[in-house]
Structures are given as structure tokens and as C-alpha cells.
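Take a look at the structure below.
Every number in this text was worked out from the coordinates using simple rules, so none of it is lab data. What you see is a predicted model, and the numbers here were worked out from it, not measured in a lab. Heads up, the Cβs are rebuilt from the backbone with ideal geometry, glycines too, and the neighbour counts pull from every protein chain shown.
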Amino acid sequence: MTYIVNGETLESSANTLSELLLALEYEGDWLATAVNGELVHRGDRTNHRLNDRDRIEILSPMKGG
Amino acid sequence: MLTLYGQELGSRMLLGTARYPSPAILAEAVRQAGTEVVTVSLRRETAGGRQGGAFFELIRELGARVLPNTAGCHAVSEAVLTAKMAREVFGTNWIKLEVIGHHDTLQPDVFGLVEAARILAGEGFEVFPYTTDDLVVAERLVEAGCKVLMPWCAPIGSAMGPQNIAALRTMRAHFPDLPLIVDAGIGRPSHATTVMELGYDAVLLNTAVAGAGNPALMAAAFAKAIDAGRAAFEAGMLEPRDMAVPSTPVIGKAVFS
């Protein structure tokens, strides 16, 4: 399926959000995820099924003022 | 003692974590300032989580309370989602709410700010709104559920210092019991002293410290300036007067002619 991850279009066989994170080699307990503009909690990623053309945001801590 | 949303803090200096020459210098600045609250942000992670992880570890080691921001958000929906994602990552209800209305001045979109503040307060967030010195906007933010206000004193990163003392004074007088933090526009320690003398509860700094020749030394200088301004406010200052007043008593002075 085609997903838009952090603004970049890519192909993946992942069916759930947690599978996608694994496939893209994301790691750590400091990530926040959103799909199509809605927060997906850490604990819900395994059950969150993705659809073709879903827009996924994966954010992590950064310095800020 | 400063209390923000029920949290007692010994330091009245809040510090941003951006633009330092190195992570070690950031850590030293935090230590020198004795700051207990640092601001942080969220960005797209492209390195599988490792970039953010390194920064997260540094922040944990600082031992300070974290105040995540919604920097760079121009839409209400964007700011609200960023706040929710920040709560997920940092595990705090605190959010420095920024809804930017203008690219050049980074002036807050105060209409969007009030709307976003209302939504977030309704979802249990403890909102620290980055706002202007407009009194009506301040009232709307309080109505929306904000129990702290953070007016600018000049545009972000401008280092211009307080541009409208009268407005800051009015805001302080209008909200005598609400914690007010000057956020943005401070360039040097004397600016911080000035707003603390007006009775502001705290100051949030970033560029003025991070961009200094010696950020750790500047952090220490700001900490002293903020403490001095606060002590002066608590001590009660003289008002300026038009006429000279002799400081040495004249009664009993010898008469030689």
C-alpha cells in the first residue's frame, strides 16, 4: 500500500501502524504518531489498521524555545 | 516561591533549549541558571527515532520540568494535534501554546490562540499561551481556562527588550493574582530586571542566552538579574519625582557664616 509518512510517499506491505514503524526501523519510547490528523496513542498502534494513502506523522523530541 | 498550575518552583527563569553551540553548553546553562523548567519541541523524525532519542536523553538528564511548545503552528488544528502528540511523548499536561499569525514578526494569531486554548483546556491541558500584551485577549484566554499568561515584550528572538512598558504594567495591574511570564523579546539581563520590577512572576528566555558569547555565563547573569528585579518588586521601589531630595539630613548642620 501507499502511505504518506512525514510528507514523503512510500510503499509498504505493513497493515498496521506498529508494523509500519517496525518496517521503517523506528525505535524508542519517545515517538508520537498521528494518522490523518488524529493522534494514535502508543498503546493503540498495534490495532490501528492503515488504509491506502493514509497520512502518517511520526514526531520525536527536539530542542525548542 | 512561584506556583504554576499547582507546581511550586524556586527559580523564576524558564529556559529554552534551542540554538546552543552544543548539548554540553545547554546543560551548563541550565545548571548555571538554576532553571527548573525548560521548553522543548517536537519535529518529524527521519532517523528511525534516534535523533529525538539522543535529545530526549539529554533533557531527562537535566532533571528540569519540561514545557513542550507548539512552535511553528499556524492553524488551530495543527497546534491542538501537536499539543496532544507532545503530551504523548513528554507525559505532561503542560503546553506552551503558540499559534503564529505572521511569518515575519512571529506575532501570535490571538484569535486562533484563544480557540486552541479553549479546546486544550477542555481536554485537560494546562495551557501557557504565548500572547501579546493585549488586555482583551488576555481576558479571553483566562475565560478559555488559562491560569498562566505569557505575553511577549518584543518579537521572538529580536532582543529588543520591553517595547510597551505601559501595556505590561496594565496587564499586571489587571491580573494581580495570575502568574504572568514574559516570553520572548528579551535581549539582556537589564530587560529581565525591568519586567520583574514591574511585578512579572517569571521570564522565559532562549536566544538571549543561547546566542551569547558565553551562554553559561549569560544564564548566570540572567538568573541574578531576575532575582534582583523580583526582590526590588517585593521590597517596594521609590517612584521618580521631579525635585531633588537631599539624602543627607540637613537638620543640625553647622552654620559657618
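I need the fraction of alpha carbon pairs in segment B:179-253 separated by more than 18 Å, rounded to a whole percent. Tail fraction, whole percent: 49. Both numbers refer to the Cα atoms of the protein assembly as shown; Rg and Dmax are 23.0, 106 Å. The C-alpha atoms of chain B define a longest principal axis, and helix B:76-90 lies at about 90 degrees to it. Ranked by the mean number of other Cβ atoms within 10 Å of their residues, highest first, the peptides B:71-79, B:180-188, A:40-48 come out as B:180-188, B:71-79, A:40-48. Only beta bridges with both residues in chain B are counted; by DSSP, about 15 percent of them are antiparallel.
Taking amide H as placed 1.01 Å from N in the peptide plane, B:Leu205 has its amide H under 5 Å from the amide H of B:Leu14, B:Leu15, B:Gly16, each at least 5 places away in sequence or on another chain.
With a 10 Å cut-off around each Cβ of B:54-61, the average count of Cβ atoms from other chains is 3.
Counting Cβ atoms of other protein chains within 10 Å of each Cβ in B:81-91 and taking the mean gives 5. With θ taken as phi - 60° and the Karplus curve 6.51 cos²θ - 1.76 cosθ + 1.60 applied, the whole-hertz 3J(HN,Hα) list for segment B:243-257 is 9, 6, 10, x, 7, 8, x, 9, 5, x, 5, 5, 10, 9, 9 Hz, x standing for glycine and proline.
Reducing segment B:195-223 and chain A to their Cα centroids gives an inter-centroid distance of 38 Å.
Over segment B:1-111, what portion of Cα pair distances is larger than 21 Å, expressed as a whole percent? Considering segment B:1-111, 43 percent of its Cα-Cα pairs are separated by more than 21 Å. Restricting the calculation to Cα atoms, chain A yields a radius of gyration followed by a Dmax of 11.4, 39 Å.
Can you tell me the orientation of helix B:23-33 relative to chain B, as the angle in degrees between its alpha-carbon axis and the longest Cα principal axis, to the nearest 10? Roughly 40 degrees, rounded to the nearest 10.
In straight-distance terms, cross-link reach from B:Lys147 covers every one of the aspartates and glutamates whose alpha-carbon lies under 15 Å from its own, apart from those fewer than eight places away in the same chain; here that gives B:Glu8, B:Glu123, B:Glu126, B:Glu139, B:Asp177, B:Asp201. Summed over all non-identical Cα pairs, the Kirkwood treatment of segment B:117-257 gives a radius of 17.0 Å. Taking label positions 7 Å along the Cα-Cβ direction at both A:Ala23 and B:Thr248, the computed distance is 8.7 nm, reported to one decimal. Placing dummy labels 7 Å off each Cα toward the beta-carbon, the span from B:Ser190 to B:Gln51 is 4.0 nm. Near the amide H of A:Val40, within less than 5 Å, lie the amide hydrogens of A:Thr33, A:Ala34, A:Val35, all on another chain or at least 5 residues away, with H placed in the peptide plane.
The length gained by stretching the chain between B:Thr105 and B:Gln163 to full extension, at 0.36 nm per residue less their Cα-Cα distance, is 19.5 nm. Partner shielding of A:22-28 amounts to 4, given as the average count of beta-carbon atoms from other chains within 10 Å of each residue beta-carbon.
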